[in-house]
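**Q** Handing you this structure, nothing more for now.
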Amino acid sequence: MMIADNADLIQPAGPEETQTFAGGHLIEGQIVSAISGRTFAVINPATGVEVGSAALGDVHDVERAVAAAAKARQAWAAVPARERGAKLARGASRMIEKVEVIARLLALETGKAIRTECRPEVMTAADIGSFYGGLGSELKGETLPFRPDLLSITVREPLGVVAAILPWNVPLVLMMLKIAPALVAGNTVVVKTAEEAPLATLMAARVLAEELPAGVLNVVHGFGPDCGQPLVEHPLVAKVTFTGSQPVGETIYASAAQKLIPVSLELGGKSPMIVMSDADLAKAVAGAIAGMRFTRQGQSCTAASRIYVHETIYEAFLESLAAAVRKLKIGNPLDEATDIGTIISRDQMDRIEHFVRLGQETPNVRMIVCGTVPDDKNLDPALFALPMLVADVPEDSPLMREEIFGPIACVVPWNDYEDVLKAANDSEFGLAASVWTNDLTKALDATRRLNAGYVQVNQNLTIQPNLSYGGFGKSGLGKEASLEAMLEHFSRKKTIVFAG
Ligand code: NAI
Ligand code: MG
């Protein structure tokens, strides 16, 4: 059964207040049901009520989507690069026109607050589209000085069909970081949405796809083993780009090795923030809130979740950070006054609660709770995790070593610079780090020695479209964002030699 041939985005059903959404796959420009006809429920984590459903994809749907992408490949690669970029940029500006409807759906399915997270996410995703939209003519090659009688050049070619596997935490931004450089470089794409949050991704992709030839951008929904894995393993998929957990990243890397295809992996983090004694306290406190992504309930791979504060300002820092976090309003994600919404799912909440218990059981650890569960009969309190500062945590505690992916920041004092650098680098991850000081010499030294792919001084920005982003160690492989990502990770280089 087709859900609808030329449906506007996905088909809403029922009166506005109880509206539910039925998200099909997007294959060859059409919204279609799963071949099996099966669907899965998408739940609003703030209320426990169904937002709608999505097509439950399996190997057969993947086959259909990859076939569509493979069929569209040659013609798309033949479109001049600047024109490919222009089409993407047009799609990105149409996303901005639809910001309210997309952001609302994102808030409904993720529990993230509309004002602090969902609306900015749509705008950032569109910005990434517009950034890459202007980079078509940068797919340049080189002239190689080889022999005077020969002309030796390199040219960049698309890789083919790219599989983009998404997580639920910032699905629109992460989708754009993958598909925008892939499409401008002349590849066609199959996106696999996150099972917790497929609908806003579909809605945004549909808006983009309206500006693209059929089959250039396809979207399938479904679970990891049944839908993600066959996509990775498909013989016509030439590249996989993935953001998610470390174990799944490792599985994908192993599968891709069987076909000898390239992968980009953005995995976990446990990013340190080092606050020196001379740091501007107010700036550092604001930086900790931004870095910890408290308004995203801490659900970020880049979260500044290990905060090392010099002992001379430690208590003052803790006190101001707790006071500042307490000012954030926890509530209904759709309410414009809300700063902090809910955790995505019961599974993620269980994980957070495990770490909270661990903190409570660790001697001498202070658990500073910064908020209360909203008292609102329209909400289900189950997935509202309270922001927490966990102070004086021992360095070897799992709280300091494992990614929590929740609103829990570990804060510890330090007094010796060499020791704190060693502690900061003592992690299997290496995604991001920040240093807070007005001493240029110290800042320069720390930035050189910190083992992380994204090191900032006196700020904690998120991913920026034009800055290379990617982790060291178990945080992943390859770079996202920037011109470099498009050239190095979504195109291949061919050398050509001409004799006269
Ligand atoms: P996950 O890694 O299981 O899922 C991410 C995506 O991979 C989803 O689309 C899923 O369907 C897909 N997937 C799962 N198994 C697959 C397989 N065998 N082959 C292909 N695709 C597969 O992450 P999950 O379960 O959502 O979260 C677990 C933990 O992962 C979180 O607590 C957090 O620590 C980390 N995580 C990190 C993210 C990041 O931004 N780096 C984002 C989301 C989660
Ligand atoms: Mg999982």
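**Q** Only one of (1) within 12 Å of ligand 1 (Cβ to nearest atom); (2) closer than 27 Å to Cys410 by Cβ fails for Met276. Which number is that?
**A** (1)
**Q** So, in segment 284-307, how many residues would count as being within 16 Å of Ile330 (Cα to Cα) and open to solvent by less than 10 Å² (accessible area, probe 1.4 Å)?
**A** Selection size over segment 284-307: 5.
**Q** To continue, here is another question. Of all residues being within 7 Å of ligand 1 (Cβ to nearest atom) and crowded, with 17+ Cβ neighbours inside 10 Å in segment 233-245, which is farthest from Ala69 (Cα to Cα)? Just the residue, please.
**A** Gly244
**Q** So, one more: Strands (runs of 3 or more DSSP E) wholly in segment 217-320 with at least 1 residues that are within 16 Å of ligand 2 (Cβ to nearest atom) - which ones?
**A** Values: elements: 217-220, 237-243, 263-266, 272-275, 306-310.
In segment 217-320, the matching strands (runs of 3 or more DSSP E) lie at 237-243, 263-266.
**Q** Additional query: Determine which member of the set Asn438, Asn425 is surrounded by fewer than 18 Cβ atoms within 10 Å (Cβ to Cβ), farther than 25 Å from Leu174 by Cβ and touching an Asp or Glu at 6+ places or on another chain (Cβ under 7 Å).
**A** Exactly one of Asn438, Asn425 is surrounded by fewer than 18 Cβ atoms within 10 Å (Cβ to Cβ), farther than 25 Å from Leu174 by Cβ and touching an Asp or Glu at 6+ places or on another chain (Cβ under 7 Å), namely Asn438.
**Q** If a residue has to be open to solvent by 10 Å² or more (accessible area, probe 1.4 Å) and not acidic (Asp, Glu) to count, how many in segment 115-132 make the cut?
**A** Result for segment 115-132: 8.
**Q** Still on this structure: Which of the residues spanning segment 137-181 are in a helix (DSSP H, G or I) and under 20 Å from Leu467 (Cβ atoms)?
**A** Glu138, Leu172, Val173, Leu174, Met175, Met176, Leu177, Lys178, Ile179, Ala180, Pro181
**Q** While we're looking at this one, here's another question. Every residue in segment 290-328 that is more than 21 Å from Asn458 (Cα to Cα) and in contact with a strand residue (DSSP E or B) (Cβ under 7 Å, 6 or more places away or on another chain), please.
**A** Within segment 290-328, Gln297, Leu328 qualify.
**Q** Tell me, please, whether a residue that is within 15 Å of ligand 1 (Cβ to nearest atom) and either closer than 24 Å to Leu174 by Cα or open to solvent by 10 Å² or more (accessible area, probe 1.4 Å) (or both) can be found in segment 313-321. Quick ask: steps written out before the conclusion?
**A** From segment 313-321, those within 15 Å of ligand 1 (Cβ to nearest atom) are none; that's our starting set.
No, segment 313-321 contains no residue that is within 15 Å of ligand 1 (Cβ to nearest atom) and either closer than 24 Å to Leu174 by Cα or open to solvent by 10 Å² or more (accessible area, probe 1.4 Å) (or both).
**Q** Condition (residue is modelled with pLDDT of 95 or more, part of a helix (DSSP H, G or I) and either within 16 Å of ligand 2 (Cβ to nearest atom) or assigned by TED's automatic domain parsing to the domain that holds Lys442 (or both)) applied to segment 361-370: is it met by at least one residue?
**A** For segment 361-370, residues modelled with pLDDT of 95 or more, part of a helix (DSSP H, G or I) and either within 16 Å of ligand 2 (Cβ to nearest atom) or assigned by TED's automatic domain parsing to the domain that holds Lys442 (or both): present.
**Q** Still on this structure, I have one more. Quick test for you: out of Ala180, Ala204, Ala163, Ala194, pick the one residue that is under 19 Å from Ser345 (Cβ atoms), in the same structural domain as Gly23 (by TED's automatic domain parsing) and either small (Gly, Ala, Ser) or crowded, with 24+ Cβ neighbours inside 10 Å (or both). First the steps, then the outcome.
**A** Working: Ala180 fails: under 19 Å from Ser345 (Cβ atoms); Ala204 fails: under 19 Å from Ser345 (Cβ atoms); Ala163 fails: under 19 Å from Ser345 (Cβ atoms).
Only one candidate passes the filter, namely Ala194.
**Q** Moving on to the next point. Take Ala214 and decide whether it is open to solvent by 10 Å² or more (accessible area, probe 1.4 Å), closer than 15 Å to Gly91 by Cβ, more than 9 Å from ligand 1 (Cβ to nearest atom) and not charged (D, E, K, R). Lay out the reasoning, then the answer.
**A** Numbers: open to solvent by 10 Å² or more (accessible area, probe 1.4 Å): yes; closer than 15 Å to Gly91 by Cβ: yes; more than 9 Å from ligand 1 (Cβ to nearest atom): yes; not charged (D, E, K, R): yes.
So Ala214 passes the test.
**Q** Only one of Ser305, Ser345 is in contact with a Cys (Cβ under 9 Å, 6 or more places away or on another chain), in the same structural domain as Asn458 (by TED's automatic domain parsing) and within 16 Å of ligand 1 (Cβ to nearest atom). Can you tell me which?
**A** Numbers: Ser345 fails: in contact with a Cys (Cβ under 9 Å, 6 or more places away or on another chain).
Exactly one residue qualifies, and that residue is Ser305.
**Q** Kindly check whether there is at least one residue in segment 382-392 that is of a type outside the set (Ser, Thr, Tyr), within 25 Å of the chain's Cα centre (by Cα) and within 16 Å of ligand 1 (Cβ to nearest atom).
**A** yes
**Q** Cβ-Cβ distance below 6 Å, separation of 6 or more or different chains: which pairs start in segment 186-200 with a residue that is of a type in the set (Val, Ile, Thr) and end on one that is near ligand 1 (Cβ under 7 Å from one of its atoms) and not in a loop (DSSP other than H, G, I, E, B)?
**A** none
**Q** On to the next question. Those residues that are hydroxyl-bearing (Ser, Thr, Tyr) and either open to solvent by 10 Å² or more (accessible area, probe 1.4 Å) or near ligand 1 (Cβ under 9 Å from one of its atoms) (or both), I need them from segment 247-272; list them, please.
**A** Once the filter is applied, which keeps residues that are hydroxyl-bearing (Ser, Thr, Tyr) and either open to solvent by 10 Å² or more (accessible area, probe 1.4 Å) or near ligand 1 (Cβ under 9 Å from one of its atoms) (or both), segment 247-272 yields Thr251, Tyr253, Ser255.
The values are calculated or read from the model by the stated rules, or taken from the named source; none is laboratory data. Small disclaimer: the values here were computed from a predicted structure and weren't measured. For neighbour counting, all protein chains shown are included, and Cβ atoms are generated from backbone atoms with ideal geometry for every residue, glycine included. Just the protein is used for accessible areas: all its heavy atoms, side chains included, with ligands, DNA and RNA removed. Shrake-Rupley method; radii C 1.70, N 1.55, O 1.52, S 1.80 Å.
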